[in-house]
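Just below is one structure, and these are the notes that go with it.
What follows is calculated from the coordinates using simple rules that are stated; it is not laboratory data. If you're wondering where the values come from, they're calculated on a predicted model, not measured in any experiment. Cβ coordinates were reconstructed from backbone atoms using ideal geometry, including for glycine residues, and neighbour counts include every protein chain displayed.
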Amino acid sequence: MSDSSNTILGILAGTAIGATIGILFAPDKGTATRKKLVDQSNHLMDDVAQSTAQLKNQVVEKFHSKTNSLEDEVESLVSSASYKAEDVITTLESKLKELKAKNKKLQTATK
């Protein structure tokens, strides 16, 4: 887990614990305390849902960033290989031309 997600979880846990302790020690009737606990748990659920959505968005953004980076790297590699292949072909063609010339000289010398 990343540092930001650990921080978010820590803040949420601290908030939940603090709110629960505050409500339980407050001098209220049982029904009022239970209502506060329900309200606080609903608020906490909303916070968790929001934090989860933020974390999901961060993961998606990171994934897209890495995917684009990988595509660029592959394209660069293919381009580099293409230039090298072209160099090899050019070298082979020149060597073939030299061999043909030598072969032609050998054939005319033996006649």
**Request:** For helix 3-24, report the angle its Cα long axis makes with the longest principal axis of the Cα atoms of the chain; keep it between 0 and 90° and round to the nearest 10°.
**Result:** 10 degrees
**Request:** Mind checking the range 1-54 for trypsin sites (Lys or Arg not before Pro) that DSSP puts in a loop (not H, G, I, E or B) and that have at most 14 other Cβ atoms within 10 Å?
**Result:** K29
**Request:** Please give the helix 30-110 orientation as an angle from the longest Cα principal axis of the chain, in degrees from 0 to 90, rounded to the nearest 10.
**Result:** 0 degrees
**Request:** Just check the chain against the gyration tensor rule for me: Cα atoms, a ≥ b ≥ c as the square roots of the eigenvalues, rounded for a/c under 1.5, and otherwise prolate or oblate depending on whether a/b exceeds b/c.
**Result:** prolate
**Request:** Consider a paramagnetic label point 7 Å from the Cα of S51 along Cα→Cβ; state which residues of the range 13-33 have an amide N under 15 Å from it.
**Result:** 13-20
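How large is the charge dipole for the chain, taken about the Cα centre, if only the Cβ atoms of Lys, Arg (+1) and Asp, Glu (-1) carry charge, to the nearest 20 debye?
Numbers: 15 positive and 14 negative charges, 184 e Å.
The calculated dipole for the chain is roughly 880 debye.
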